[in-house]
Every structure is written in structure tokens, then in C-alpha cells.
1. Identify all residues within segment 135-159 that are at pLDDT 95 or above and more than 18 Å from the chain's Cα centre (by Cα); write none if there are none.
2. What's the number of the only condition in (1) surrounded by fewer than 17 Cβ atoms within 10 Å (Cβ to Cβ); (2) in contact with a strand residue (DSSP E or B) (Cβ under 7 Å, 6 or more places away or on another chain); (3) under 15 Å from residue 125 (Cα atoms) that residue 46 fails to meet?
3. Among 59, 51, which is buried (at least 19 other Cβ atoms within 10 Å of the Cβ) and part of a loop (DSSP other than H, G, I, E, B)?
4. Scan segment 62-73 and tell me whether some residue there is touching a helix residue (DSSP H, G or I) at 6+ places or on another chain (Cβ under 9 Å) and either modelled with pLDDT under 95 or not in a loop (DSSP other than H, G, I, E, B) (or both).
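The values are calculated or read from the model by the stated rules, or taken from the named source; none is laboratory data. From a predicted model like this one, the values you see are computed outputs, not experimental measurements. Cβ atoms come from the backbone with ideal geometry, glycine included; neighbour counts cover every protein chain shown.
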């Protein structure tokens, strides 16, 4: 993968190919101001969105890492939510779709979704992100003696064309990748946008079949 413009990443690089041996798996980061501002980092594993709360937000500095606290699984439909969770609801407050795209455990070649789940269970997830703002190789690793709900993980960026020690993504990008709204603009309206993934890959029968087995 080659990064052409630091301000905006392509959702899919031209050489990336998906199919029966390389299924599409969804990835999303939702900026969420509930009791405390955090970034919900979600990965599609076995049909649900495994989720981690990153309070400082993801860093693209290979010399840095971010604490990621595992939280409850979410349905894939939640990936499309942007709006305000009303008072009294779980996680009440504004939610922004800060980044979204797909991910894979390898840059090329086939992979087995069951082995991806095994890697999650073992506590070391190699990732290649294809997002609007985050891309390239990452590792999500569980800390020792941490298991189950609220377990602590570390999200690390690898050094590649998508890393940058000078850029702080959460300070650089303050708007939604789908609506262009800021958190204040989202909070000022009760309208919730349920925005479907409009990639051509998601409209093919083959892709639907692969997602149903993921």
C-alpha cells in the first residue's frame, strides 16, 4: 500500500482484491462522548463487532501505543449509526463515525476467518486497515493476565507508509467521514444518520455470502 495524500486515504487501494479466500471484514472507529470522550475501535470477527474503547484515540506513531479496553460486542448494524444516544440510554451522548473501511490480518494472499478468531482468543491480532483515515499494518495485543470484558489491550502502529510521528489523527480530523459534521453539530440535532456502507464490494452476492460466513 502506498500513501499518496496524508489528509485523506483511499478506502480501497486499487490492487486490493477480495473474494472467497479473502473475505470483506468491516472496520469502524466511532468517536463517542458519553461519561468520558473515547474512540470505539470495532472489528468484524465471527459476525459481530469486537469492540475496544481507546480513550486517547488511535496513534499512527510507531513509537507510541494506545490502551484499548475491551467492551461488549456490538451488532454490525451499529457501524452505521451516527447521532445522539438519548439520556437514559446505554452510553448516552453524541456518536460520530470517525473512520470506517475494512481490515484483514495480512496485506495479501488468502486468510482463514476462523484463524482470525483464534488469534483474537490468543490475544494477538495482526491487522491491515483500509480506512479513510487509518491504514497500513497494526497490532492489537492483550496484556498479560487480562481476559474477558474490560480486559486491557494495546493498539500499536507498525512503521510503514501510513505511519507518521508528527501527525496526531484525533487532533487533525475533527469531522465525520460520512457526514462532515463535528461533534457539536451532531449534538445540536436529534437526527440520527444510518448510513450504509456504499462500497461496490458490499453489493455483490459473493460478498454477501462471505460476510454471512464470517
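1. 159, the sole residue that qualifies.
2. It is condition (2) that residue 46 fails.
3. Values: 51 fails: part of a loop (DSSP other than H, G, I, E, B).
The match here is 59.
4. Among the residues of segment 62-73, not one is touching a helix residue (DSSP H, G or I) at 6+ places or on another chain (Cβ under 9 Å) and either modelled with pLDDT under 95 or not in a loop (DSSP other than H, G, I, E, B) (or both), which makes the answer no.
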